Amino acid sequence: MLAQFIQLIRKEFLLEWRQKYALNSLLLYVSSAILIVYLSFNLETQTIEPITWNTIFWLILLFASFNAIAKGFMQEKAGRQYYYYMTLDPYLLILAKIAYNILLMLLISLVGLGGYTLFMGNPIQDMPFFTLNLFLGALSFASTLTMISAIASKANNNAVLMAILGFPVILPILLLLIKVSKNAMDGIDRSSSGEEIFALLAINAIVVSVSYLLFGFLWRS
């Protein structure tokens with residue numbers, strides 16, 4: 001099972017490498033959004049408030065995550081899905097999809113943070129804690145939206161369905177991430193964010209567990 005798990009993740013990377021437009025379009029989206037924000041605030045003549053800097057950054061990552069993860073199941077053709085159904089454990093498949101999307105979101109998040117810092121400045125006082133929160137954000141977005149992508153892929157109007165199902169689930173996570181990262185930006189003691197970190201870890205554990213338990217029933221449908 002471990003060998004299959006590794007091969008499934010490798011397959012995702014190979015598909016992404018062959019279809020370079022997918023990753024390139026995501027990076028272009030993030031870069032364009034950062035440039036638009038920079039031009040809108042005209043940072044050469046004025047400064048941006050830390051709370052505004054923080055909120056816009058997470059909104060950019062939020063919409064990038066929808067674009068990145070939506071294609072996870074939607075790009076799978078019927079023949080390939082039937083092959084998976086006959087040869088793979090569905091629970092192994094959903095875990096591999098989640099793991100790959102976590103790595104993809106980490107890449108996008110780090111590149112986005114680098115570009116955002118370059119254009120918008122860096123008001124973060126506790127960078128290690130902010131980076132930890134960034135990792136939790138990538139984990140949260142990937143684990144939540146992967147299962148929603150699997151559900152939406154069963155419908156004809158899957159892109160709209162994913163947005164409808166995804167935003168109510170992702171909104172509480174986004175608010176927690178913004179609060180923790182704001183504390184990191186202000187240099188507030190890390191213990192003050194303990195409840196939010198625990199809540200994020202609990203949400204991720206619940207989402208991964210539910211995805212693991214329910215994906216088999218969804219796959220057989």
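The values are calculated or read from the model by the stated rules, or taken from the named source; none is laboratory data. Fair warning: this is a prediction, and the values are worked out from it, not measured in the lab. Backbone-built Cβ (ideal geometry, glycine too); neighbour counts: all protein chains shown.
In the set (1) surrounded by fewer than 16 Cβ atoms within 10 Å (Cβ to Cβ); (2) more than 25 Å from residue 56 (Cβ to Cβ); (3) not β-branched (Val, Ile, Thr), the condition left unmet by residue 192 is number (2). Looking only at helices (runs of 4 or more DSSP H) that fall completely inside the range 9-107, which ones have 2 or more residues that are modelled with pLDDT under 75? Answer list for the range 9-107: 20-41, 71-74, 78-87. Among residues of the range 181-207 that are farther than 19 Å from residue 138 by Cα, those with a Cβ under 8 angstrom from a residue that is of a type in the set (S, T, N, Q) and surrounded by 12 or more Cβ atoms within 10 Å (Cβ to Cβ), sequence gap 6+ or separate chain, pair up as 186/125; 187/125; 190/183; 192/183. For the range 105-137, taking the residues that are free of Cβ contacts under 8 Å to residues at least 60 places away in the same chain, under 12 Å from the mean Cα position of the chain (by Cα) and crowded, with 17+ Cβ neighbours inside 10 Å, the one that is farthest from residue 62 (Cα to Cα) is identified as 134.
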